[in-house]
Amino acid sequence: MSATTLTAPPSLVGSFTPEAFAAHLASLPPTLPAWWIARKRAAYARFAALPLPSRTDELWRFSSIGTLTLDGFTLPAAVTSVPHAPSGIPQAAKLVFANGRLFSRQPLSAELSARGVIVDTLQNALVQHETLVREHLLAQPPKLGSPKFAALHEAFLADGAFISVPRDVQLDLPIGIFAYALGATAAVFPHTLVVAGENARVSVVEYFGSGDDTEAQFAAGANDLYAGHGAQIAYIGKQSWSRRALSFQSNSTVVRRDARVQSLNLHLGGRQARHESLSQLAAPGAFSEMLALTVAETGQEFDQRTLQIHQAPNTKSDLLYKNALRGTAKTIFSGLIVVDPDAQKTDAYQSNRNLMLSDDAEACSLPGLEIQANDVRCTHGATSSRIDPEQEFYLQSRGIAKEAADELLTFGFFEEVLNRLVNDDLHEALRTLIQTKFKQ
Amino acid sequence: MSSLVIHDLHVSIGEKPIVKGLTLTINSGEVHAIMGPNGTGKSTLSKAIAGHPDYTITGGDVLLDGVSILSQEADERARAGIFLAFQYPSEIPGVSIANFLRAAQQARMAEGEELDASAYYKRLYSKMDLLKIDRKFTSRSVNEGFSGGEKKRCEILQMAMLEPKFALMDETDSGLDIDALRIVADGVNTMRGPNLGVLLITHYQRLLDYIVPDHVHVMYDGRIVKSGDKSLALELEAKGYDWIKKELAATTA
């Protein structure tokens, strides 16, 4: 072993070399607009120049830094099959991506297509709906600490989902998006862009999954949710990557006048999974409800960073993140509410609740407020608690064994979040998914 | 025919002895009432028998059908046939009564055996009809935001579903108005029969107007100091607990 390999600084690009980027560009269809390719090149240059997060970086406080790596990954080939992941709910349309490529689709009904609803790949949308895509795709700069991973995502984003619902069209059933990483060292860059026009209504369920839990994969994904005047978007993300995956996911939500966005992210997979979520309340009457549930097991670290920005008066945001920690799991929650000077009558909540199911688990919480208006209502808080021994005894006194009692109490702890969902089928499907992780 | 034998039981909380040598046998079909002033160890007795981890058994034994249950966890004791109706039942947010009772039923089945959901609901609804409980009740979270009367009815419903051999009813009458008390008592009386033994723990005689006991015991300072039939309860009501204290002082002096 040479001394240089021991002392050399970690590579700034790792597996994502200029050669890999060139090969990625070459693999894209020649029809893509030039501005997009130029953006990707600029993104790659930023990625290659930016350092990896460091221990002194405030936006990475409490995060494990030494386990972050860009090495050992490959841009995976196309596959011939994907795992079976029943969503448990009927869908208006479905797109299935595997290793960054469209694998299969269930198209929209002719009626919805005729009304102008679009559910298509980003590659197609970049050509056919260029203006709309250009306006909203990765339009918000990363603010939560991951400019390097955001740049990597933009550089290597091959394909993703584009959902557009025009003015006054309301979908009853959700759109399903599936993104799979398949292969032992696969690196994937999933993206979903949702644009809801004036008074449109749409719900999207996105599922992230791997082939099995031994695959040491890499994911740098993002989604953009844009709710126009009076629109309603419900977004559900189910992150179920391999237990050995390293995952960075970034959400950007823009809520316009009187619009409402509800997002619920369920975090189950990954060895280290960071989720950054930004909600911008851009016009009066805007409301963003940010929900998350995490089941963290031994060997897993979930890192959640959130930002609620109130840019206009009479806006509301309500964040509730709940984590259940088992074994030696670790979770980090860092949230900030920012109220701009003229955002009077802001109503903002932020709550992080941790249920410690083990003495060896670690939950870090950093709730924060930055208020520049004087007539606002903002509350924030974080708690960590154990199973209440009286509740546990109550369940045991009915014959339920301790382990099953704790499980039941944990599901009860999550119900407060699941109950916020208006769709009962979704509620049930998510509950099943959580219970499945517990049974493993 | 089952028996619950409490033999010379001593129970402490921390270092403090609370139950100090209590002996009592309950056979199925019998209803025993334990009465006594506050702080005399009545609730401690019931929780210790049910297996609450905060209570330390320092002596004696509790036998269910001849087998000591003291080394068993609370859930094992429950599955063996002990039921504790709590004075202050816990609130369990996010867990519906239906799911809770289902889990309790599932716990009584063999590994790998699945509960027949339709049969379970049929049985649940028939018990609820018997206890005059609205079916909407089942989708509410266990005890969350319940009135005192609703909590006690929820306890009785659980008891009806789990069909224990012995029910320990800890101050079931506390916090109940007369209508709620009547409903709860009706429920217990409906279940009363040759397969159920009941230990009623109460401070007041009032409950015993509705659930008439076969035996009445007076507990004082961690022991049973006097036993009799239902007329003892009436005597206590008339004379108060000071009478017992004086009588006890006279015999030990």
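Worth pointing out:
- Looking only at residues in the stretch A:1-24 that are small (Gly, Ala, Ser), more than 17 Å from residue A:72 (Cβ to Cβ) and at pLDDT below 95, the one that is least open to solvent (accessible area, probe 1.4 Å) is A:2.
- All positions within the stretch B:50-68 that are exposed (fewer than 14 other Cβ atoms within 10 Å of the Cβ), in contact with a strand residue (DSSP E or B) (Cβ under 8 Å, 6 or more places away or on another chain) and within 14 Å of another protein chain (Cβ to nearest Cβ): B:54
- Restricting attention to the stretch A:224-235, the residues being open to solvent by less than 10 Å² (accessible area, probe 1.4 Å) and in contact with an Asp or Glu (Cβ under 7 Å, 6 or more places away or on another chain) number 2.
- The residue list A:156, A:218, A:162 contains one member that is closer than 16 Å to residue A:270 by Cβ, of a type in the set (Phe, Trp, Tyr) and open to solvent by less than 10 Å² (accessible area, probe 1.4 Å), which is A:218.
- Scanning the stretch B:101-110 for residues that are at the interface with chain A (Cβ under 7 Å from one of its Cβ atoms) and open to solvent by less than 40 Å² (accessible area, probe 1.4 Å) yields a count of 3.
- Flag for residue A:350 being out of contact with any strand residue (DSSP E or B) (no Cβ under 9 Å at 6 or more places or on another chain) and crowded, with 19+ Cβ neighbours inside 10 Å: no
- Selected residue (criterion: surrounded by the fewest Cβ atoms within 10 Å (Cβ to Cβ)) from residues of the stretch A:97-131 that are among the hydroxyl-bearing types (Ser, Thr, Tyr) and farther than 27 Å from residue A:187 by Cα: A:131
- Of all residues in the stretch B:69-95, those that are more than 9 Å from chain A (Cβ to nearest Cβ) and in contact with an Asp or Glu (Cβ under 7 Å, 6 or more places away or on another chain) total 3.
- Residues of the stretch A:418-440 satisfying the condition of being of a type in the set (A, V, I, L, M, F, W, C), in a helix (DSSP H, G or I) and more than 9 Å from chain B (Cβ to nearest Cβ): A:426, A:429, A:430, A:433, A:434, A:438
- Evaluation of residue B:154 against the conditions (1) within 14 Å of another protein chain (Cβ to nearest Cβ); (2) modelled with pLDDT of 95 or more shows that the sole unmet condition is (2).
- Scanning the stretch A:374-414 for residues being under 30 Å from residue A:338 (Cβ atoms) and within 8 Å of chain B (Cβ to nearest Cβ) gives a total of 2.
- Conditions (1) more than 14 Å from every other protein chain (Cβ to nearest Cβ); (2) among the β-branched types (Val, Ile, Thr); (3) within 30 Å of residue A:62 (Cβ to Cβ); (4) out of contact with any Cys (no Cβ under 7 Å at 6 or more places or on another chain); number of the one not met by residue A:371: (4)
- Matching entry among B:98, B:119 (being in contact (Cβ under 8 Å) with a residue 12 or more places away in the chain, over 20 Å from residue A:389 (Cα atoms), of a type in the set (Gly, Ala, Ser) and more than 11 Å from every other protein chain (Cβ to nearest Cβ)): B:98
- Residue pairs whose Cβ atoms lie under 6 Å apart, separated by 6 or more positions or on different chains, with the first residue in the stretch B:123-143 and within 14 Å of chain A (Cβ to nearest Cβ) and the second open to solvent by 60 Å² or more (accessible area, probe 1.4 Å) and part of a loop (DSSP other than H, G, I, E, B), are B:143/B:91.
- Among the candidates A:87, A:27, A:63, A:113, residue that is touching a strand residue (DSSP E or B) at 6+ places or on another chain (Cβ under 7 Å) and modelled with pLDDT of 95 or more: A:63
- Residue among A:211, A:145 that is modelled with pLDDT under 95 and in contact with an Asp or Glu (Cβ under 8 Å, 6 or more places away or on another chain): A:145
- Residue list for the stretch B:73-100, restricted to those being assigned to a helix (DSSP H, G or I) and either buried (at least 22 other Cβ atoms within 10 Å of the Cβ) or of a type in the set (Val, Ile, Thr) (or both): B:74, B:75, B:77, B:78, B:97, B:100
- Tally of residues being open to solvent by less than 50 Å² (accessible area, probe 1.4 Å), farther than 25 Å from residue A:325 by Cα and modelled with pLDDT of 95 or more across the stretch A:355-377: 1
- On the stretch given as the stretch B:111-142, residues that are in a loop (DSSP other than H, G, I, E, B) and open to solvent by less than 60 Å² (accessible area, probe 1.4 Å) total 3.
- The stretch B:176-213 - residue that is under 24 Å from residue B:18 (Cα atoms) and in a loop (DSSP other than H, G, I, E, B) and, of those, least open to solvent (accessible area, probe 1.4 Å): B:205
- If the condition is being open to solvent by less than 10 Å² (accessible area, probe 1.4 Å) and not aliphatic (A, V, I, L, M), then the stretch B:214-237 contributes only B:222.
- Tallying residues that are open to solvent by less than 40 Å² (accessible area, probe 1.4 Å), of a type in the set (Ser, Thr, Tyr) and within 18 Å of residue A:326 (Cβ to Cβ) within the stretch A:379-413 yields 1.
- Residues of the stretch A:273-297 classified as closer than 17 Å to residue A:62 by Cα and not in a strand (DSSP E or B), total: 0
- Index of the failed condition, residue B:166 passing every other in (1) within 14 Å of chain A (Cβ to nearest Cβ); (2) open to solvent by 60 Å² or more (accessible area, probe 1.4 Å); (3) within 24 Å of residue B:11 (Cβ to Cβ): (2)
- Among (1) of a type in the set (D, E, K, R); (2) away from chain B (no Cβ under 14 Å); (3) surrounded by fewer than 23 Cβ atoms within 10 Å (Cβ to Cβ); (4) in contact with a Ser or Thr (Cβ under 9 Å, 6 or more places away or on another chain), the one test that residue A:305 misses: (3)
- Filter result for residue A:351 (within 30 Å of residue B:154 (Cβ to Cβ) and either assigned to a strand (DSSP E or B) or among the polar types (S, T, N, Q) (or both)): yes
- Applying the set (1) part of a strand (DSSP E or B); (2) free of Cβ contacts under 8 Å to residues at least 24 places away in the same chain; (3) of a type in the set (A, V, I, L, M, F, W, C) to residue B:70 leaves exactly one unmet item: (1).
The values are calculated or read from the model by the stated rules, or taken from the named source; none is laboratory data. Source: prediction; values computed, not measured. Cβ: placed from backbone, ideal geometry, glycine included. Neighbour counts: every protein chain shown. Each accessible area value is taken on the protein alone, full model and side chains, heavy atoms only, with ligands, DNA and RNA left out. Shrake-Rupley method; radii C 1.70, N 1.55, O 1.52, S 1.80 Å.
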